[in-house]
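Chemist: Handing you a structure now.
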Amino acid sequence: MCDTFFSPSYRNLHGNAILAKNSDREPNEAQQIVRFSAQQRPQKRVKATFIVVDCPEQVHEVILSKPFHMWGAEMGINEHGVAIGNEAVFTKMHLPRKNDGLTGMDLLRLALEQSKTAQFALEMILELLGKYGQDACGGYQDKGMFYSNSFLIADPHSAYVLETAGPFWAYKHIDSFYAISNVLTLGTDFDQIHPDAQAFAYQKSWMKEGVPFDFQRAFSEPIMTFLGKGLSRKHQCELQAPALDSQKFSIQDAFGILRSHRIKENFEPCQGDMGNICLHAQGLLTPSQTTGSMVVELRANTQSSVWLTGSSAPCLSVFKPFYFGTNTLNDDVFPQASKRLDHSYWWQWEKIHRKALSDYRSLHAKIQLLQQENENSWLEEDQILSLSMDMKKREELSQNAIDTCLRLVKALEQQKGKSKFNIRSFAYFLYWKWQNRVMKHEGN
C-alpha cells in the first residue's frame, strides 16, 4: 500500500511543482535507489519484470526507487523533469494471474525512460497498457498479490491522475493539490475514459444507464479497498497540505506528510495500522511497511532535485538529495540492496529501524535531531546549487548526506536501549522476531 501526492507550482514556496510518495512493501523487501544513464540499447526490446517488451533504442536518464527484485520502480523521475508515483488499486476486474503482462512499476519505468513531458508519459502508459496488459504479480513473498494500478504523473508545467481497472482506464488533468492512495478516486470528473469502459460496466450491471458514469463506483472492489484504508490516507494527505491563504507549501511540508501518523502524541510502531501514511507493519492486517520515500522538486529551467530516504519508515529516516549526471549512485560507491542483510545503505539503516521498533521514542528523538539539523541545511544548499551548473558540488552534497547518515548508523548500533514490549504487543514482538530471522537468513 502506498500514498502519492502532487502540489502544483503556484502553491509552493519556490514556485516549483512537487511530487511525493511513500512506497509501502513487504518488510524484508529491500528497496534500491538507482540511476540509469541515458543510453542506446543494443536492441529495441527489453526484459521487464516478467515479459519482454518493445522499446526505443534511445532512453533517457532516470533516478528510480525500486524493489530490489523488480525491473520496474515504485517511483522515479527522469532528466527532463517527468516524475511518476504508482499505486495498487483493487477493482472488480479479474486478472488471470499468468504473469504475462506488465506490473505498474514496469509501466512507470518504461514511461520515464521514453517521455519528455507528463502528457507523453500518460500516453505511453495507455499505449503499453493496451498492448501488454497488467496481469503481473506485484508482490514479493506474497505471490498472490495481483492488482490494477493508478498513477500520478507530473512535470514542471502539468500533471495527471491516471487510474486503471484491468484494461480500462480514466484520467484527469490536475491543477491543484491532489493525493492518490490504494483507492480509485475518479468518479464522474474524469477528462477521458477508455472507449469500452462504460459499455462493459453497463453489461455487468455495475452502473445504470441514464446517469452520469462514475468510474470509481463502477470498478472499485469494496472489500480490499476498505481493508487498505486508502481513502483515509488520501484525506490525511489533503488535510495536511497548507491552505493557499495560510502559507506556501514546501519540501519540508512534503517530508512531514510522508512521516505522519494518525496518533500524534506518544506514537509507538505497534499502534500503527493501514490508516497511517508512514506505515509500520505489524502482521496479518497490516502486512506492509513503508520501505522507501521520495520527494521531487520539478524545476522548469534547471535540474530538478530528488530527495530519497533509501530506507524504511520516513519517521525514522533522513531525506537525502540526489542529482542527474553524478556518480553518487554508482554501484562501487553505493552498493545495491539484495534479498538479505548486506552492506547496502538500505540494509545498514534497516538495522537501526528494527532496533527502534522496541525502543522507538529514544531512537526517534536522536534520528529526529539529525533530520532537523541536516535536512534544512541540505535544502538551503540545494536551492543555491539550483542556480548553478556545478555538478561537482551537487555530487559532494549527496555524498556528504549519505556519509552523515552512515555515521549515525554506527553510533546508534552501539547504543544500548531497553525493549518496551508488553503483553498487548506480544504478537507484534513475535511478528518482528520472525521478520528479523528471515532478514538474516534470506538467501542463505
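The values are calculated or read from the model by the stated rules, or taken from the named source; none is laboratory data. What you see is a predicted model, and the numbers here were worked out from it, not measured in a lab. Please note: Cβ atoms are built from the backbone with ideal geometry, for glycine as well, and neighbour counts cover all protein chains shown. Note: areas computed on protein heavy atoms with side chains; ligands, DNA, RNA excluded. Shrake-Rupley method; radii C 1.70, N 1.55, O 1.52, S 1.80 Å.
Chemist: I'd like the distance separating the alpha-carbon centroids of region 233-306 and region 169-228, in whole Å.
Modeler: Here the two parts' Cα centres lie 25 Å apart.
Chemist: Among Lys208/Lys234; Lys66/Lys339; Lys208/Lys229; Lys47/Lys131; Lys66/Lys234; Lys351/Lys433, which pairs are too far apart, with a Cα-Cα distance over 18 Å?
Modeler: Exceeds cut-off: Lys208/Lys234; Lys208/Lys229; Lys66/Lys234.
Chemist: Another question, if that's okay. Can you give me the % of accessible surface on region 222-380 that is carbon or sulfur? Probe 1.4 Å, all protein chains present, nothing else counted. Present the calculation step by step, with values, prior to reporting the outcome.
Modeler: Details: 3290 of 6080 Å².
Reported share for carbon and sulfur atoms: 54 percent.
Chemist: Per residue of the chain, what 222 nm ellipticity follows from adding -39500 (n - 2.57) for every DSSP H run with n ≥ 4, rounded to the nearest 500?
Modeler: Numbers: 12 runs with 136 residues, N = 444.
Computed ellipticity for the chain at 222 nm equals -9500 deg cm²/dmol.
Chemist: Taking region 322-441, how much of its Cα-Cα pair set, in percent, is spaced more than 23 angstrom apart?
Modeler: The share of Cα pairs beyond 23 Å in region 322-441 comes to 45 percent.
Chemist: I would also like to ask the following. Relative to the Cα centre, what is the charge dipole magnitude of region 306-381, using +1 at the beta carbon of each Lys and Arg, -1 at the beta carbon of each Asp and Glu, and rounding to the nearest 20 debye?
Modeler: On the way: 8 positive and 9 negative charges, 98 e Å.
In debye, rounded to 20, region 306-381 gives about 480.
Chemist: Evaluate the relative contact order of region 258-360 (contact order divided by residue number), counting alpha-carbon pairs under 8 angstrom at least 6 apart; express in whole percent.
Modeler: Values: 152 pairs, mean separation 20.0, N = 103.
So the answer I get is 19 percent.
Chemist: Could you provide, to the nearest whole Å², the per residue accessible area of the chain with probe 1.4 Å?
Modeler: 41
Chemist: Gaussian network model of the chain, Cα springs within a sub-10 Å range: biggest mean-square fluctuation belongs to which of Ser205, Ser344, Ser386?
Modeler: Ser205
Chemist: Here is a follow-up. Counting pairs of alpha carbon atoms under 8 Å apart in space and at least six apart in sequence, what relative contact order in percent does the chain give?
Modeler: Numbers: 965 pairs, mean separation 75.5, N = 444.
Dividing the mean separation by the residue count of the chain yields 17 percent.
Chemist: Oh, and also: Taking a temperature of 20 °C and a viscosity of 1.002 mPa s, what whole-number D in µm²/s does Stokes-Einstein yield for region 1-78 with Rh from Kirkwood over alpha carbon pairs?
Modeler: 145
Chemist: Same structure, new question: I'd like the carbon and sulfur percentage of the solvent accessible area for region 88-190, probe radius 1.4 Å, heavy atoms only, ligands and nucleic acids excluded.
Modeler: 49
Chemist: Would you look at the GNM of the chain, springs on alpha carbons closer than 10 Å, and say which of Leu308, Leu298, Leu186 moves the most?
Modeler: Fluctuation is largest for Leu186.
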